[in-house]
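The values are calculated or read from the model by the stated rules, or taken from the named source; none is laboratory data. What you see is a predicted model, and the numbers here were worked out from it, not measured in a lab. All Cβ positions, glycine included, derive from the backbone under ideal geometry; neighbour counts span all protein chains shown. Just the protein is used for accessible areas: all its heavy atoms, side chains included, with ligands, DNA and RNA removed. Shrake-Rupley method; radii C 1.70, N 1.55, O 1.52, S 1.80 Å.
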Amino acid sequence: MSGMDLSVKIGKLELPYPTLMASGCYGSGEEFEAFADLSKIGAVVLKSVTREPRLGNPMPRLVPTPAGLLNAIGLQNPGIDWYLEHEVAKFAQRPCAVIGSVAAFSVDDYAYVTQRLAARDEIAAIELNISCPNVGSEGETFACDPALTGKVVRAVRAVTGKTLIVKLSPNVTDIAAIAAEAESAGADALAVINTLRGMSIDVHAWKPRLGNLTGGLSGPAIRPVAVLAVYEAARAVSIPIVGQGGIETASDALEFFLAGASAIAIGTANFTDPRIPEKIVNELGAYLEARGLRSLRDIVGKANVGFGTPFQYEGDVG
Ligand SMILES: Cc1cc2nc3c(=O)[nH]c(=O)nc-3n(C[C@H](O)[C@H](O)[C@H](O)COP(=O)(O)O)c2cc1C
């Protein structure tokens, strides 16, 4: 597999591998270092940070479902002051790029937190989480409205020259319109998708299983929804897309590349096997080699092109 080019450019950010670890699912990589080689991943996206500290939602915050995970963490984080003072310096030790994630409830706070976080050298790029479904209706307000998406992205663009990735919500009717607005407001890339809103009810207790009542669904259950969202967003923009939602294998990842993603992020799968990201990188290389291709860029968005021998019906198919 030597010589395979899996590198990707996201805005100004150049990564040796196209695999990002999704926000909220990998910490800052520290806990995973005992199980995984962080030099073999593209980047870690940190847990979203807000202006003020947040305790998060009442327990329980995680509920397994047949093909996914419902979470309602509620953006628990120590707030930007504490974060800058106590956390950020140690990110310099990671053998991969570290991307900060910013969440907020107003345009001003998005710009304020981004400006302070992006000023730090340890932070290679900023992901703007405008799509958290677990903090009441406010969390997704921005990603559910093209005009608000444009407003927040413009405000944040004005305070940083670092690569800006805008994370979109699947809980919308027209993701293409929102993707296009984010691009024209200055986004360098899009992350597609955040979790889908969901609920699970205990039929014995007659109560929702999550303390927050509702949550965000991740994992394999959402993969087809995510692939479609990437496909639709990719046709509306020319900036790179970081596809995510239920990726567990190289084959899953390839669906996203063929749909139009330039990179992928792996979230929930890390909870069951921290070696999945490295395995995916190795298998992507083997996939390209087997087809005589040298770069992942050769397959991005090629879902409509077709490859190999078309399927032939044999015999009587009625
Ligand atoms: C426990 C948990 C916490 C998450 N926290 C965040 C977060 O803080 N910010 C964010 O943008 N996305 C967050 N996400 C969403 C993931 O980054 C990812 O976009 C989503 O889970 C879909 O990918 P997956 O199916 O591979 O997990 C969280 C997901 C989970 C499961």
Once you have the Cα-Cα distance between residue 206 and residue 173, take 0.36 nm times their residue separation minus that, and quote the gain in nm to one decimal.
8.8 nm
To the nearest 10 degrees, how steep is helix 146-157 against the longest Cα principal axis of the chain, on a 0 to 90 scale?
70
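Between residue 249 and residue 273, what length in nm is gained on full extension when 0.36 nm per residue of separation is reduced by their alpha carbon distance? Mind showing how you got there, number by number?
On the way: separation 24, 0.36 × 24 = 8.64 nm, distance 1.11 nm.
Between residue 249 and residue 273, full extension yields an extra 7.5 nm.
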Dipole check, the stretch 79-201, charges on Cβ (K,R +1; D,E -1), about Cα centroid: among 124, 102, 114 the Cα furthest to the positive pole belongs to 124
Mind checking which of 65, 272, 195 has the largest fluctuation in a GNM of the chain, springs on alpha carbons under 10 Å?
272
Nearest-5 percent of antiparallel DSSP beta bridges in the chain?
35
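Can you give the alpha-carbon Rg of the stretch 20-147 over 2.2 N^0.38 Å, where N counts its residues?
Output field value: 1.07.
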Solvent exposure of the chain as accessible area per residue, Å², 1.4 Å probe
45
Carbon and sulfur together cover what percent of the accessible area of the chain at a 1.4 Å probe radius?
54
Treating only the Cβ atoms of Lys and Arg (+1) and Asp and Glu (-1) as charged, compute the dipole magnitude of the chain about its Cα centre; round to the nearest 20 debye.
340
Ranked output for segments 86-94, 167-175, 242-250, 183-191 by mean other Cβ atoms within 10 Å, highest leading, reads 242-250, 183-191, 167-175, 86-94
Can you give the angle from 0 to 90° between the axis of helix 276-290 and the longest principal axis of the chain, with both taken from C-alpha atoms, to the nearest 10?
30
Using the alpha carbon gyration tensor of the chain, what are the three equivalent-ellipsoid semi-axes (square root of 5 times each eigenvalue), largest first, in whole Å?
30, 24, 20
Using the basic label-point model (7 angstrom from Cα toward the beta carbon), what is the residue 62 to residue 86 distance in nanometres?
2.2
With angles folded into 0 to 90 degrees, how steeply does helix 250-259 sit against the dominant principal axis of the chain? Use alpha carbons for both and round to 10.
90
Could I have the simple spin-label model distance between residue 147 and residue 76, label points 7 Å from Cα toward Cβ, reported in nm to one decimal?
3.8
